[in-house]
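In what follows, a single structure is set out as structure tokens and then discussed.
What follows draws every value from the coordinates through simple rules; no lab data is involved. Computed from a predicted model, the values in this text were never measured in an experiment. Quick reminder, even Gly has a Cβ in these numbers, built from the backbone with ideal geometry, and neighbours come from all protein chains shown.
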Amino acid sequence: MASVLRFRKLCYVESAVKCTSVGYESFEIDEKLDEKEEDVLSANNFALEINKKRKQPKRQPKEWRCLDSCCWIIGYLCTTWWLLLFCYHCLPVTLLRVPELPGPGVRLKREGLTALHPVVLVPGIVTGGLELWEGRPCADGLFRKRLWGGGSFTQIFKRPLCLLEHLSLHYETGLDPQGIRVRAVPGLVGADYFAPGYFVWAVLIENLAKIGYEGKNLHMAAYDWRLSFQNTEIRDHALTRLKSKIELMYISNGYKKVVAVPHSMGVIYFLHFLKWVETPPPMGGGGGPGWCAKHIKAVMNIGPAFLGVPKAVSNLFSAEGKDVSYIRAMAPGVFDSEILGLQTFERVMRMARTWDSIVSLLPKGGEVIWGNMDRSPEEGHVCDFSKKSHSKTSLTTNNVNNSDVKRGFLVKDLANYGRIISFGKPASVLHSSKLPTADSKEFSRTSTSENFNNFSCGEAWTEYDEMSRQSIQNVAADKAYTTTTLLDLLRFVAPKMMRRAEAHFSHGIAENLDDPKYNHYKYWSNPLETKLSDAPDMEIYCMYGVGIQTERSYVYKLSPNSRCKSIPYQIDNSVHGEDGSCLKGGVYFADGDESVPVLSAGFMCAKGWRGRTRFNPSGIATYIREYRHKPPTSLMEGRGIESGSHVDIMGNFALIEDIMRVAAGATGDEIGGDQIHSDIIKMSERINLGL
Amino acid sequence: MSFLRRRKGTDSSKSQNLRCNIVKEDEKNNLYESPRKESYNSKKWSCWDSCCWFIGFVCSVWWFLLLLYNTMPASIPQYVTEAITGPLTDPPGVKLRKEGLTVNHPVVFVPGIVTGGLELWEGHQCAEGLFRKRLWGGSFGELYKRPLCWAQHMSLDNETGLDPPGIRVRPVSGLVAADYFAAGYFVWAVLIANLAQIGYEEKTMYMAAYDWRLSFQNTEVRDQTLSRIKSNIELMVATNGGKKVVVIPHSMGVLYFLHFMKWVEAPPPMGGGGGSEWCAKHIKAVMNIGGPFLGVPKSVSGLFSVEARDIAIARTFAPGFLDKDVFGLQTFQHLMRMTRTWDSTVSMIPKGGETIWGGLDWSPEGSSFNCGAKTLRNNSINNTDQIPNINLANMKNVNYGRIISFGKDVAEAHSSKIERVDLLDSMKADMLANLTNCDIWIEYHDIGDHRIKAAADYKVYTAGSILDLLHFVSPKLMARGGAHFSYGIADNLDDPKYQHYKYWSNPLETKLPDAPDMEIYSMYGVGIPTERAYVYKVTTATDCSIPFQIDTSVEGGSEDSCLKGGVFSADGDETVPVLSAGLMAAKGWRGKTRFNPSGIPTYIREYSHAPPANLLEGRGTQSGAHVDIMGNFALIEDIIRVAAGATGKELGGDHVYSDIFKWAERINLQL
């Protein structure tokens, strides 16, 4: 600042006595007479020198142009930045460490816990990294670089179309397209961070390491999450590798059984694995009926999507899943605009529909579980989460009764969660008798005649382009769909995808589990169509967050845009309920962890597998551990240590502590048995499932 | 203003004072016209501003260019390269894919010493924030930031050779462990990329990463590494339709895998319990790259005075100025202390003693290597044996057998003329150590001046007596290492003592497994002068330094002399002499011998070194240097062919440039 002032002064003096530069001789004499201005004189001389100096660079344009200012500012900023950076690096390391909250690892280490059971982590959908092994010319230089997850998504911005092409699978086979090989990144790096700074498993790994876990007793079962589960075995031998790894860890850690920690879709992947491993080859792994009992101590499911996720529906139907695929986050608003002609959504939908795994997340169990046109197990759910978070578990029943009464007066639109897709708000509220019935046969009638009429769009992008306008409108005319009729709907709008995927997944409820058809692998990932293995000492945990609004059903509308290559349906964002209603922006919300509703995460542990049931013939113990969501209190906490949301829960200290205690040898009863905040028990009672 | 001007023009006799006034007014007018701009302009321009301007300008231009570069289509750099060097030859992967080769046998890589990455799992306070970050390999950023902390974490316990309390440093697993050593410095990456071209991927490639600081058996004890390798090989064979694996060890990995093959067939608890057929069932070929089967002379100088040129690449990270005592850093002492805790460095001490490496007055290499000849790379196999004859006249017989000699005259004198004080006598002499006040522990401070002098008085050490010397100067290290490694030649391989694991990594003290269908390749570079023997001197420096150092002032007589800077060089790949890399395949295991009872076929594949023709080639596609050979196209092609199913015969059998067979004849090894 001081120097700037001095410049001002100098300049002022300089211009005032500029005449010296022209005729300084006589002027000098005059000035000398004046004693008072002696100071000025010296200043004059100084200014003169400056003037002389400045005459030399006169060659360059003297005006301070805008460009120069820019350069100056950039240079100034850079220099300051470098200086600060330098200082930062000179500082001793310990000074800079943000005083981190001591994680549960440190505390439990002091308690004397040490590594006992080997731990297997099974990542969920989209969190695992994918890398390129062989690609088209447009992906030059990306060999063994991450296309998905892990580090930079810079490539997505640099060559988006190329990336989309490489991440897509073959539409008919659901395997690699010709000439493209994209594979899962193996090892812990596969899913520790999704993007720089956005942890997935890293916090859990770090805490486990505190009590002595390392490479030899901690394994990440990375798999290509785009494929159907059985295809990961066919293409990559992922299941065989997992089996071999578990056997190795079991032996090399002194015959200690393994604790598996699957997350999100990894839960049903691991369910598939448990069936696969005991099934005789060639379809299975040939481990024999005692394999699970011998090798696995506990399965600690985090945010389990046992019975599917409603988000998967909207994702497949109109690529609007809010974050089942993080792509939306990567493609902010700008991409939606058609000005750029990018048609992001259409491209994303085209890619997502080649991924079999998304179909695995469609709601399972049909109307029995998810409710029909007029009832749903969550009935009576209050969406005012801020109030509800104060209620205590012991008072749950009372509260619900009270709120039921209150709601009767205050809230008029009942949340018909059972209607997972309805066209228009009235269709979502009216009683079923007033609605036209959805008849799946109607679809086939229209489809056969008109399916291939409309080929004016040239290259078909999505299967919507193969549908005629008429049948698109027919779909909307049917008004409301439950989870059962939804499957028919999807079969109608995307016949090829469903044909491909339904060879790998099934979404029903088994009448008779001993029917030999249930030996087929397509039933293995559906907990309602498989028996758990015979391992009475094993434990199954359902650990999930509650207290966050979670998408449960949707109100749709026909998209006004009728041009080619666009998605004809979209969520009707304009539909809102009254205050306190569960309907917001065309979406009905229920309790859950932002992605998975409580119903899907908790039902199997609460009812389907509790005690000896037909799904759990050996009576494997189940525990429900719910974690109430609390947003981070300060910025320093980052994504929160008490978060209950689907991915952030992996940094929840209470959850980490539970996992570590079990890994160090505790049983479910020792960590406190069930811990329930939600209405899951009541919901389960309403579900009429033969056990 | 115009009025004033006119006046000025007409009335020229006015005094200068007036003129000044005019100008003054003129100036004033100007000032009123554009006062802002003028003052603003003149305000800013100074040296500091020029600097800022300049930096800003450079930055902007740089960013602009960067932006251009990034938006440039990817094909341009290649186009430019082609324009300069002419069309590139296809890398072997592309070439062989065109020939129709595809994935066949799964491939296992076994990295060597120092090339594998290590990461931190538990550390002291000073290493906070480094959890699961690389300490070794990658950027080495932490080495510069907190060198002492780094050295502390990289060291092992001096007594047990395992983790020090509170520190857990573990090998990085997966292909990333050793694909690049540092950014841009490939190790396995080129080979992996080429294998991927014909269809290899994660499920058919496996990097057997291990903690290269530990002794081989300790990797099993601490990390169960050998069990993991066994389980992974079994898995790969099972999932690839019973196809046997092709194993590709490099450098020390060669010894490690030798150890593994014995371990896997030995019964538990010492071994893996795979049974005597395991290797025959699971391994198709072992393709050793630059294998120091019989040790490396460099490891001697490394242990003796940390002066090995690159056995620890750490040296390259501690450039010359760090040597100076001025900085008080004592880099070498720190390095020596660190490397001496690593048992694995002991595994590469020359094996086989005087029988293999030569005695006081003879060595198998004799004078046959022309150290000055750069032309060697153009030789075909036919004329290699002519060259020594030509040069024989002006070359003296080099006494390679004397691995360490004190003083040049000693190095060249005949053995009968050297007076030696018996080492054992001085060992019996008083063990009074002068306890110095040095902060840094190295064993030299424990042994005292007497011993140092005695060691120097012994004058000359051969491969046999070098062991005594090392036992003498660093008893703890050798005691620890001696429990895990052995350096002799077995008289009777059936002696039950050879079932102990310490013999498993010495090819002269073990039998190969019973697997007649297996193949063993020795693939290594030739044509680079390689350290083979040293001339030492006793340093005159202060107490707290290493008392011995290579006498770099000693030079050979002529240009072609093999003695340069105190080091006798022989033919090799810059690290491993041909003798060590090739002898087992050329003689020890050739045919049915007692070391190779089932007659496993062996093949020698030598690659003559040719430095990169221009800068664009990077580290060369025909290099024969110890690590750079991993980018040698001919070697990669050989590996890919074998992985795709070819046998050694189909490759062309032996492929020899050096005189290894001649030398092998001179070695009197009972077979």
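Over the C-alpha trace of the stretch A:130-184, radius of gyration and Dmax come out as 10.5, 31 angstrom. Placing pseudo-labels 7 Å out from each Cα toward the beta carbon at residue A:681 and residue A:145 gives an inter-label distance of 5.5 nm. Put simply, the amide H of residue A:420, placed in the peptide plane, has neighbours under 5 Å in A:481, A:482, A:483, leaving out anything fewer than 5 places away on its chain. Shown for A:147, B:579, A:161: other C-beta atoms within 10 Å of each C-beta, ranked fewest to most, produce the order A:161, A:147, B:579.
Spin-label pair residue A:584-residue A:514: with each label point 7 Å from Cα along the Cα-Cβ axis, the two points sit 5.0 nm from one another.
Phi-derived couplings, Karplus 6.51 cos²θ - 1.76 cosθ + 1.60 at θ = phi - 60°, listed residue by residue for the stretch B:174-185: x, 4, 5, 4, 9, 6, 10, 7, 10, 4, x, 9 Hz, with x used for Gly and Pro.
A Cβ-based charge dipole, computed about the Cα centre of the stretch A:130-184 with Lys and Arg at +1 and Asp and Glu at -1, lands at about 260 debye. Structural descriptor for the stretch A:130-184: relative contact order 46 percent, calculated from alpha carbon pairs under 8 angstrom and at least 6 residues apart. Would you please state which residues of the stretch B:496-518 a label at residue B:592 would reach in this model, taking the label point 7 Å out along Cα→Cβ and a backbone N cut-off of under 18 Å? Under 18 Å, as judged by backbone N against the label point of residue B:592, lie B:511-518 of the stretch B:496-518. Pairs over the 27 Å Cα-Cα cut-off, from the set B:133/B:284; B:262/B:351; B:298/B:459; B:98/B:649: B:133/B:284.
When the C-alpha to C-alpha distance is required to be over 20 Å, the pairs from B:408/B:537; A:297/B:230; B:203/B:244; A:145/B:203; B:453/B:537 that qualify are A:297/B:230. Residues whose amide H comes within less than 5 Å of that of residue B:182, counting only those at least five positions distant or on another chain, are B:138 (H built at 1.01 Å from N in the peptide plane).
Spacing of the modelled spin labels on residue A:90 and residue B:133, each 7 Å from Cα toward Cβ, amounts to 2.1 nm. The stretch B:495-510 and the stretch B:95-126 have their alpha-carbon centroids 28 Å apart. Determine the shielding of peptide A:505-518 by partner chains: average, over its residues, the number of Cβ atoms on other chains within 10 angstrom of each Cβ. Mean number of neighbouring Cβ atoms from other chains: 0.
In order along the stretch B:219-230, the phi-based Karplus estimate (6.51 cos²θ - 1.76 cosθ + 1.60, θ = phi - 60°) of 3J(HN,Hα) comes to 5, 6, 5, 8, 10, 6, 5, 5, 4, 5, 4, 4 Hz; Gly and Pro are listed as x.
Take the Cβ atoms of residue B:80 and residue A:255, set R0 to 45 Å, and the FRET efficiency comes out at 0.15.
For the segment A:206-215, counting C-beta atoms of other chains within 10 Å of every residue's C-beta and taking the mean gives 4. Highest mean first, the peptides B:530-536, B:202-208 sorted by other C-beta atoms within 10 Å per residue fall in the order B:530-536, B:202-208.
Taking amide H as placed 1.01 Å from N in the peptide plane, the amide H of residue A:148 sits under 5 Å from that of A:130, each at least 5 places away or on another chain.
The mean count of C-beta atoms from other chains within 10 Å of the C-beta of residues in B:217-224, rounded to a whole number, is 2. Taking θ as phi - 60° and the Karplus parameters 6.51, -1.76 and 1.60, the scalar couplings of the stretch A:301-306 work out to 6, 9, x, x, 9, 3 Hz in sequence order, x denoting glycine and proline.
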